[in-house]
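Please read the structure below before turning to the comments.
Bear in mind these aren't lab numbers, they're just calculated from the coordinates by the rules spelled out. Remember, predicted model here, so these are calculated numbers, not experimental data. We place every Cβ from the backbone using ideal geometry, glycine too, and count neighbours over all the protein chains shown.
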Amino acid sequence: MPFEFTPQTEYLVLTLKGECNGDGADKVMPGAEKHLAAGNLKFVVVQCSECGDIDTVFLRTLAQLYKRVKDLNGKLCLVHANDKIQEAIKRNGLDRILPWKMSLRGALVEFGLVKSKEFDVNFINPFLAATQKVLKVQCFLEATAQKPFIKKPTDPPLLGDISGIIGLTAETFNGTLAISFPSSLFLVLATNMFGQPYTEITSEIVDLAGELSNMILGQAKMVLNPLGYQIQQAIPSCVWGKDHKIKHFGGGACVVLPFETKAGIFHVEVISNSGVQEKKPLAAPAAPVVPGKAA
Amino acid sequence: MLETTTRILVVDDSLSLRKIMSVMIRGAGYQDVIEAANGEKAWEVLTQSDRPVGLIVCDWMMPVCTGLEFLKKVRADTKYKDLPFFMLTAETDDDRKVEALAAGATEYLSKPFSADVLRDKVAGLGSLAKAA
């Protein structure tokens with residue numbers, strides 16, 4: 001079948017694959033009914049990033065699905081629909097009942113599940129889980145997530161002494177992920193990982209922060225990309241030194257994820273311009289302002 | 001299981017990760033570990049090694065010559081066509097895994113992974129050899 005369902009906590013994702021013609025269209029409604037009922041859901045995201053075209057028969061099926069979620073006081077929205085799909089919807093006069101957005105976040109704002117100026121927990125939660133997994137598996141350190149918050153430009157920097165940074169790019173947004181450690185915590189990580197004590201940041205361990213950011217993004221992608229984010233990662237970099245600064249790439253809200261460990265607190269920052277409709281080219285992973293820098 | 005005297009080549013542009021991999025491998029009982037910072041250097045080390053290399057553990061994303069390019073070069077030489085080659089990457093896309101295995105990687109490991117996972121993969125090499 002050219003589609004599959006992926007239920008989320010607050011909505012159902014219907015992912016379309018390849019050319020969606022009449023084949024298998026009759027299986028959409030029974031599948032949707034089952035998932036909507038099981039999860040007590042009323043919102044449907046139709047993920048089109050892997051779909052080349054949708055024929056009239058399949059569009060009518062989506063219209064039936066729209067009617068069903070409308071009866072539940074819910075909504076349906078397509079995301080990542082290409083020009084061909086958008087044209088087909090218009091040609092069939094269905095553009096008022098099958099709206100499309102450029103990103104999943106756009107659809108969630110449309111559903112009222114995310115406020116346009118708030119960060120999207122569905123986007124941020126995978127980074128929380130990924131950070132905890134990477135620290136546990138690679139650094140043998142349990143990290144407890146604290147409450148995330150949005151950093152305003154006027155807020156003081158929360159940075160530690162060493163940061164790993166990696167750029168991320170997707171069809172509809174760009175961004176940056178940074179992980180920053182106080183040197184005391186970073187030395188504990190290095191000591192755990194290398195099995196020998198470190199009392200200062202040396203060239204041997206300095207690029208570890210960048211590699212951790214790379215792993216965290218890789219793990220988060222594993223959850224986010226099936227939802228349609230289509231994130232690709234750039235090459236990580238590393239900056240360190242007292243009062244070093246990170247110039248984030250993306251220009252959107254900066255979400256700070258604090259983590260507590262027995263060796264101290266560290267922070268992960270995620271910034272993305274996910275509300276922006278047009279993709280911007282990823283020129284560089286980030287542009288750090290550095291007392292010290294390692295590629 | 002490989003002989004514990006087997007020489008293992010670790011390839012990663014990250015000095016810290018090369019060191020971590022070496023620590024993991026030595027911890028699994030293999031003391032003869034040599035390192036290279038990219039695929040180009042790794043080819044030099046591989047072909048000029050005074051002892052034969054019995055396993056390559058290689059990162060994918062590296063400057064100069066990527067892990068995939070290095071893997072293809074290794075497999076193109078009949079002398080190394082059966083040399084075990086573990087591809088490592090922080091990339092989690094299934095397409096990457098398929099690409100690496102199609103190019104001749106023996107195993108594909110997504111970072112992060114524990115020393116136990118690596119040890120099991122190395123132990124699995126013995127099973128593969130027996131099965132073949």
| field | Point-to-point label distance, B:K81-B:D32, nm (Cα→Cβ direction, 7 Å offset) | value | 2.5
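Looking at the range A:3-111, what % of its DSSP beta bridges pair antiparallel, to the nearest 5?
Just about 25 percent of them are antiparallel.
What order do you get for A:H80, A:H35, A:H267 when you list them from fewest to most C-beta neighbours inside 10 Å? Walk me through the numbers on the way to the answer.
Numbers: A:H80 25, A:H35 16, A:H267 22.
Least crowded to most crowded, the residues run A:H35, A:H267, A:H80.
Helix-derived [θ] at 222 nm for the protein assembly as shown: sum -39500 (n - 2.57) over DSSP H runs of at least 4, divide by residue count, nearest 500? Walk me through the intermediate numbers first.
On the way: 12 runs with 152 residues, N = 427.
Per the formula, -11000 deg cm²/dmol.
For A:M222, B:M21, A:M29, B:M87, what's the fewest-to-most ordering of other Cβ within 10 Å of each Cβ? Show your work: numbers first, answer last.
Numbers: A:M222 18, B:M21 24, A:M29 13, B:M87 27.
Exposure proxy ranking, most exposed first: A:M29, A:M222, B:M21, B:M87.
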| remark: At q = 0.13 1/Å the base-10 log of I(q)/I(0) from the Debye formula over the alpha-carbon atoms of the protein assembly as shown is -1.13
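Sort A:R96, A:R91, A:R60 by Cβ crowding within 10 Å, fewest neighbours at the top. List each step's numbers first, then the result.
Details: A:R96 8, A:R91 11, A:R60 14.
Least to most surrounded, the residues fall as A:R96, A:R91, A:R60.
Tell me which chymotrypsin sites (Phe, Trp or Tyr not before Pro) from the range A:1-77 have a DSSP coil assignment and no more than 16 other beta carbons within 10 Å of their own. Walk me through the intermediate numbers first.
Values: sites: A:F3, A:F5, A:Y11, A:F43, A:F58, A:Y66; in loops: A:Y11.
Taking the range A:1-77 and a limit of 16 other Cβ atoms within 10 Å, no loop chymotrypsin sites (Phe, Trp or Tyr not before Pro) are found.
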| For the range A:1-61, what class follows from the C-alpha gyration tensor (a ≥ b ≥ c being the square roots of its eigenvalues): rounded when a/c is under 1.5, otherwise prolate if a/b is larger than b/c, else oblate? | prolate
| What length, rounded to one decimal in nm, is gained on full extension from A:E142 through to A:K242, with 0.36 nm per residue of separation minus their alpha-carbon distance? | 33.4 nm
| said: Under a crude label model (7 Å from the Cα following the beta-carbon direction), how far is B:D50 from A:L72 in nanometres? | reply: 7.0
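Indicate the gyration tensor shape class of the range B:1-78 (rounded, prolate or oblate), computed on the Cα atoms with a ≥ b ≥ c the square roots of the eigenvalues: a/c under 1.5 is rounded; otherwise a/b larger than b/c is prolate and the rest oblate.
On the way: a/c = 1.99, a/b = 1.24, b/c = 1.61.
Verdict is oblate for the range B:1-78.
Let's test the formula: R0 of 22 Å, r as the Cβ-Cβ distance of B:D120 and B:E3. What FRET efficiency results, to the nearest 0.05? Spell out each step's value before the answer.
Numbers: r = 17 Å, r/R0 = 0.79.
That gives a FRET efficiency of 0.80.
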| Between A:A129 and A:K262, 0.36 nm times their residue separation minus their Cα-Cα distance comes to what? | 46.1 nm
